[in-house]
1. With respect to residue 181, determine if the residue is under 29 Å from residue 273 (Cβ atoms) and in the same structural domain as residue 122 (by TED's automatic domain parsing).
2. Just for strands (runs of 3 or more DSSP E) wholly inside the stretch 209-296: which have at least 1 residues that are surrounded by fewer than 16 Cβ atoms within 10 Å (Cβ to Cβ) and out of contact with any strand residue (DSSP E or B) (no Cβ under 9 Å at 6 or more places or on another chain)?
3. So, in the stretch 199-208, of the ones that are touching a residue at least 24 places away in the same chain (Cβ under 8 Å) and in a helix (DSSP H, G or I), which residue ends up nearest to residue 332 (Cα to Cα)?
4. Can you pull out the residues in the stretch 174-208 that are within 20 Å of residue 343 (Cβ to Cβ) and surrounded by 21 or more Cβ atoms within 10 Å (Cβ to Cβ)?
5. Would it be correct to say that residue 270 is under 26 Å from the mean Cα position of the chain (by Cα) and on the phi > 0 side of the Ramachandran plot?
6. Search the stretch 302-336 for residues being touching a residue at least 40 places away in the same chain (Cβ under 8 Å) and under 19 Å from residue 223 (Cβ atoms), and hand back the single one that is surrounded by the fewest Cβ atoms within 10 Å (Cβ to Cβ).
7. Can you find a residue in the stretch 150-165 that is at pLDDT 90 or above, in a helix (DSSP H, G or I) and over 16 Å from the mean Cα position of the chain (by Cα)?
8. Out of the residues in the stretch 180-198 that are within 20 Å of the chain's Cα centre (by Cα) and without any contact (Cβ under 8 Å) to a residue 60 or more places away in the chain, state the one that is nearest to residue 128 (Cα to Cα).
């Protein structure tokens, strides 16, 4: 992925114009993964031009040693600064860049012991888990995170067409994670501040292009599904999201304990209660769909909507991006016109449509 601008001489970076002869990076060598054509998007999924950061096309993020790859074991200690030299963390603990880049249960569960409301903790946890998984896939440190890594992550979220609110939520979660561990927040870095403002401005000027789903279209989608475990989950997700008009983050933050089924179904969503009546038709009844999913997946506690692998094994909580992919895939399979359909289509439109399910 390309980047603009140039790093100051005091930072630990190498550019194609000024790198030592011993560096393994050369103009004749194959470019690093982020330089490939597949990783240099020109537009977002919404079709507009987006000036992505091309900050360091030849800069290895792993540190100031150009021969070392990102995530390679070593003795470098990091503290969220741009220097890769050994330095203790503010609270005396040190972490190698290699260990910080590995998938860590402790990192993903960072907010579970924090002093905050359960709904806030879940919202932070979802955003933080997505960021740590994204970093882990690339062998980059999530905690502490380098400013350039955060910029690339935010740019990718914007390229995927996610809303400005999602970008703000991701920034808040990353900053809070660093605060809880005593690390310097990369969100305070001028580079991140500048690009965060730029990306949010571009998203704010994008016209609304979401197409609301009607009750008839939702019925068409769910009737086209099979009865396997994945279909049970997707049917429950679509009907609950549509009936309660939930945002994607609210939808995936639901736990099994947040669902109380009686004559109606009560959802506890971020400190508020939402009542969902039974549907007119069995196939589009949100309560029947949730009961079938919980029973089929044998869910007792924890996340209500989780990933499922090819062998039918349950995984971790779905990401907000997964919701959009599920909505679009199911709508496409049902033969709907795809223009403007996204996860936000579930919560758009008049509330009276929900009574027609």
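The values are calculated or read from the model by the stated rules, or taken from the named source; none is laboratory data. Here the structure is a predicted model, which is why all the values come from computation and not from measurement. Cβ sites come from the backbone with ideal geometry, for glycine too, and all protein chains shown count toward neighbours.
1. On the way: under 29 Å from residue 273 (Cβ atoms): no; in the same structural domain as residue 122 (by TED's automatic domain parsing): yes.
It is false that residue 181 is under 29 Å from residue 273 (Cβ atoms) and in the same structural domain as residue 122 (by TED's automatic domain parsing).
2. Details: elements: 259-261, 265-269, 272-276.
It comes to 259-261, 272-276.
3. Step one: of the stretch 199-208, the residues touching a residue at least 24 places away in the same chain (Cβ under 8 Å) are 199-200, 202-204, 206.
So of that shortlist, the ones also in a helix (DSSP H, G or I) come out as 199-200, 202-204.
Working: 199: 29, 200: 30, 202: 28, 203: 26, 204: 28 Å.
Filtering first and then ranking leaves 203.
4. 199, 203
5. Details: under 26 Å from the mean Cα position of the chain (by Cα): yes; on the phi > 0 side of the Ramachandran plot: yes.
Answer is yes for this residue.
6. Start the filter on the stretch 302-336 by keeping residues that are touching a residue at least 40 places away in the same chain (Cβ under 8 Å), which leaves 302-306, 308, 312, 316-324, 326-327, 330-331, 333-336.
Filter once more, so that each one left must be under 19 Å from residue 223 (Cβ atoms): 326-327, 330-331, 333-336.
Working: 326: 20, 327: 24, 330: 22, 331: 23, 333: 11, 334: 16, 335: 9, 336: 18.
Step by step, filter the stretch 302-336, then rank; the result is 335.
7. At the first step, the residues of the stretch 150-165 found to be at pLDDT 90 or above are 150-155.
After this cut, where a residue has to be in a helix (DSSP H, G or I) as well, the list is 150-155.
Filter again for over 16 Å from the mean Cα position of the chain (by Cα), leaving none.
For the stretch 150-165, residues at pLDDT 90 or above, in a helix (DSSP H, G or I) and over 16 Å from the mean Cα position of the chain (by Cα): absent.
8. 187
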